Amino acid sequence: MTNTEERAEGTCPLVYQCRLPLSTITVDYLADLLRRHLKAIRSRWRILPPGRIAVIVLAVLRHDPRLADTAGGNNVSESTVRRWRDELIGLLAAQAPRLDRALKKVARQGGEVVLIDGTLIHTRRRTGKADRRNYSGKHRSHGLHFLALTDENGRLIWISAARPGRTHDNTAARHDHILAHLRATGLGALGDLGFRGLDNDILDPVVVTGHIATRTHKLTRGEKEANRVLAVGRAPVEHGFAHPKNWRVLTKLRTDPARATHLLRALLVLTNLEINR
């Protein structure tokens, strides 16, 4: 441990080193992104160089420490770290692919299907009636709903905007016009039972879901086998969601829900950098 500065009466803060499990490719990418931004806005000065700022922001996103602790360890103010974090999140989110471009890229690479799923990112419970819509009855928790697409290998290619936790998967998919974009690119999608009813085209469905048993209808052997094959094909989508959740800032969001969309899309860019390095 090392002391950072002298305090009154012999007290001083203590600083420790912590390993950041990220590649230098990610750090260099973020630092270059910041350098180009500073050049574009004609800002010639920051209290720390872009590379150091990139490491600080990545540590905040990966380990989710208190901003005051991170600021004290780098001899800057808490508001400065917060400003750096928000600035770089905005720059990264702008690099996230749009839905139509992401699907066209999959089609150009010879892909035939994508995997679709929804997830809940937990948030801290807020007081007041406005937060009631963020309560998910399915998960019995407050959070924000996100819709995501991955390729056949489970690599995230697109993340939707943040919506209240009570939002149904079908509602989110209709709002983003998923069916129209899939038909425009000639791709299909594999979804779970939460997407039943999204595509009512019986002859040529775009979104394929499994069969569900009811009191009056038991699944046949063929339907059970179809469900098993679909589950195997959809397995990579769970791995796709697992990678962004390695960023501990998503453990329970403390940021403003209105900024959660930019945060998730920024983490999408960082996650793909780490996976494809």
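Starting from the amide H of Asp117, placed 1.01 Å from N in the peptide plane, find each other amide H under 5 Å away whose residue is 5 or more places distant or on another chain.
Amide H to amide H, under 5 Å and 5 or more residues apart or across chains, Asp117 pairs with Ala148.
Mind checking the full-extension length gain between His177 and His63? Use 0.36 nm per residue of separation minus the Cα-Cα distance, one decimal, nm.
37.5 nm
On the protein heavy atoms, probe 1.4 angstrom, tell me the percent of accessible surface of the chain carried by carbon and sulfur.
50
Would you calculate the separation in nanometres between label points at Gln109 and Arg19, each defined as 7 Å from the Cα along the Cα-to-beta-carbon direction?
Inter-label distance under the simple model: 3.0 nm.
Name the aspartates and glutamates eligible as straight-distance cross-link partners of Lys245: C-alpha to C-alpha under 13 Å, and not fewer than 8 places from it in the same chain.
Asp64
If you average the alpha carbon positions of segment 61-94 and of segment 198-277, how far apart do those two centres end up, in angstrom?
30
Using modelled amide H (1.01 Å from N, peptide plane; none on Pro or chain starts), what sits under 5 Å from the amide H of Trp158, excluding residues fewer than 5 places away?
Placed amide hydrogens put Leu149 under 5 Å from Trp158.
How charged is the neighbourhood of Ala94? Take every other residue with its Cβ under 12 Å from the Cβ of Ala94, and add Lys/Arg as +1 and Asp/Glu as -1.
For residues surrounding Ala94, the net value is +2.
For the chain, what does the accessible surface come to per residue with a 1.4 Å probe? Please give it in Å².
Here the residues of the chain average 59 Å² of exposed surface.
Where both partners of a DSSP beta bridge lie in the chain, what percent of those bridges are antiparallel, to the nearest 5?
The answer is about 75 percent antiparallel.
Return the label of the correct value of Rg and Dmax of the Cα atoms in Å, as calculated from the structure shown, out of (i) 18.3, 62; (ii) 22.1, 80; (iii) 21.5, 76.
(ii)
What's the extension gain from Ser79 to Asp201 if we count 0.36 nm per residue and subtract their Cα-Cα distance?
Extra length available between Ser79 and Asp201 comes to 38.6 nm.
Under the Karplus relation 6.51 cos²θ - 1.76 cosθ + 1.60, θ = phi - 60°, what is the ordered set of whole-Hz ³J(HN,Hα) values for segment 25-39, x standing for Gly and Pro?
4, 5, 5, 5, 4, 5, 5, 5, 4, 5, 4, 5, 5, 5, 5
Calculate the FRET efficiency for Gln95 and Lys218 from the Cβ-Cβ distance with a Förster distance of 51 Å, rounded to the nearest 0.05.
0.55
Mind listing the phi-derived Karplus ³J(HN,Hα) values for segment 114-123, rounded to whole Hz, using 6.51, -1.76 and 1.60 with θ = phi - 60°, and x for any glycine or proline?
Values per residue, Gly and Pro as x: 10, 10, 10, 6, x, 9, 10, 9, 5, 10 Hz.
Hey, what number do you get for the chain at 222 nm if only DSSP H runs of n ≥ 4 count, each worth -39500 (n - 2.57), divided across all residues, to the nearest 500?
About -13500 deg cm²/dmol.
Across segment 154-161, in residue order, what do the Karplus-derived ³J(HN,Hα) couplings come to in whole Hz, using 6.51 cos²θ - 1.76 cosθ + 1.60 with θ = phi - 60° and x for Gly and Pro?
The phi angles translate into x, 7, 4, 10, 6, 10, 7, 6 Hz.
Which residues' amide hydrogens lie under 5 Å from the amide hydrogen of Gly188, considering only partners 5 or more residues apart or on another chain, with H built in the peptide plane?
Long-range HN contacts for Gly188: Val113, Val114.
If I ignore ligands, DNA and RNA and count only protein heavy atoms, how much of Glu112 is accessible to a 1.4 Å probe, in Å² to the nearest 10?
Counting only protein heavy atoms, the figure is 130 Å².
The values are calculated or read from the model by the stated rules, or taken from the named source; none is laboratory data. Model, not experiment: these values are computed from the prediction. Cβ: placed from backbone, ideal geometry, glycine included. Neighbour counts: every protein chain shown. Accessible surface is based on the protein model in full, side chains and every heavy atom, while ligands, DNA and RNA are left aside. Shrake-Rupley method; radii C 1.70, N 1.55, O 1.52, S 1.80 Å.
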